[in-house]
Amino acid sequence: MGSEKFQRVAEKVATHFVRLEDGVRAFELAAKGVDEEGKPVAKVIVLSGQEEEKKKKKEEEEEEEEEEEEGCGR
């Protein structure tokens, strides 16, 4: 996922993100069509180490924003 624009689109389209080390699982999910919890699999993206760190950081930032919003609503 090179560009920021592509990354934003991928996050909206992808249903599952898999680490590079678990690449085989990505193919298994795509072939099966549902994950272990029965959720449909539409698009699987395999993350490199750098992409995984970016995604993790973004998720942490979003969680912090949600916590701040909840704190302001009290």
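Side notes on the structure shown:
- Applying the criterion of being modelled with pLDDT of 80 or more and in contact with a Phe, Trp or Tyr (Cβ under 7 Å, 6 or more places away or on another chain) to the residues of region 34-70, the residue that is farthest from GLU21 (Cα to Cα) is ILE45.
- Listing of helices (runs of 4 or more DSSP H) fully contained in the chain that carry 2 or more residues being exposed (fewer than 14 other Cβ atoms within 10 Å of the Cβ) and more than 15 Å from the chain's Cα centre (by Cα): 23-32, 49-72
The values are calculated or read from the model by the stated rules, or taken from the named source; none is laboratory data. These numbers come from a predicted model, not from an experiment. Cβ sites come from the backbone with ideal geometry, for glycine too, and all protein chains shown count toward neighbours.
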